[in-house]
Amino acid sequence: MKGIARVRRALCAAAAVAGIAVGVAACGSSGGNAASGTAASTASTTTTSVPSPSYLETPYSSPSGDTPEEKVNKLAAADGWVPDDEYATADQMVQDVCDTLTDHKDPSLGSTPAQWLGQYGYDTTEQIVIGDGVPLLCPQWAATVKAAFGGQYARQIDDGTWHVTSKPGQDNVAPGTYRTIGDLSNCYWERTRADGTIIDNQYATAASRITMTIKASDDTFTTRGCGTWEQVR
């Protein structure tokens, strides 16, 4: 009987540490009198607050079974991106970027992949989503995306009038030295101030290579019939 009592006391002590209520038979008074039995019964009905499991308090971690598309959408939601009329899910937008970057490997389109992306006009949230998503859906373009949104890429210029600024934009051109190569007949270019005054210009009836420099103080640069200018420095 003494051995059984020791076992009962051990069980009761363990239960008390764990906050578990046990019955009278296990943890009642050794004398078995009615008063002590009633007290034990009252104690047995007392519950102890158990803290929430720790995993409920930790940040969500993407399960290893998520597809790349699901991961993109979860990252986009965390970045604050919301669906719009063009894209119902973020992975659709990122995949579109991946496909268009691949298309712009064709030099005949008049801009490099980085230039197209940098000048397209994505807002800050979209840039974050694309920056998060491209390494998951088309990692070969990750470095290009970083360069594009950081403005660190060589520009190409086609026919038109361009606003001179280092900021990315569809109608912007960065200061620098540019070169065009090819059968350049009737090629005209000019650099102008904000008031329209021509700073420098050239008209070439026939040439195979022309190099010119756009300065940060210029307001606009206009080119016609010169093919594609590529930034060389």
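Some notes on this structure:
- Sequence of Thr165, Thr211 once ranked by neighbouring C-beta atoms within 10 Å, starting from the fewest: Thr211, Thr165
- Ile199-Arg233 FRET efficiency (beta carbon distance; Förster radius 22 Å; 0.05 resolution): 0.65
- Estimated vicinal HN-Hα couplings, Hz - segment 82-89 in sequence order (Karplus 6.51, -1.76, 1.60; Gly, Pro = x): 10, x, 9, 5, 8, 10, 7, 9
- Restricting the trypsin sites (Lys or Arg not before Pro) of segment 71-118 to loop positions (DSSP other than H, G, I, E, B) with no more than 16 neighbouring Cβ atoms within 10 Å leaves Lys105.
- Over segment 68-150, equivalent-ellipsoid semi-axes from the Cα gyration tensor in Å: 21, 12, 12
- Placing dummy labels 7 Å off each Cα toward the beta-carbon, the span from Glu70 to Asp99 is 2.4 nm.
- Ranked Arg179, Arg191, criterion: other C-beta atoms within 10 Å, fewest first: Arg179, Arg191
- Distance between the C-alpha centres of segment 135-161 and segment 189-233: 23 Å, rounded to the whole angstrom.
- Counting 0.36 nm for each residue step from Ser185 to Thr222 and taking away their Cα separation leaves a gain of 11.7 nm.
- Distances between placed amide hydrogens fall under 5 Å for Thr112 paired with Gln156, all partners being 5 or more residues away or on another chain.
- Annotation: amide H-H contacts under 5 Å for Asp219 (H modelled 1.01 Å from N, sequence separation of 5 or more, or interchain): Thr192, Arg193, Ala194.
- Sorted by Cβ neighbour density within 10 Å, fewest at the top, the residues Thr112, Thr197, Thr192, Thr100: Thr197, Thr100, Thr192, Thr112
None of the figures in this text is laboratory data; all of them are computed from the coordinates on show. Because the structure is predicted, anything quoted here is derived from the model rather than measured. Please note: Cβ atoms are built from the backbone with ideal geometry, for glycine as well, and neighbour counts cover all protein chains shown.
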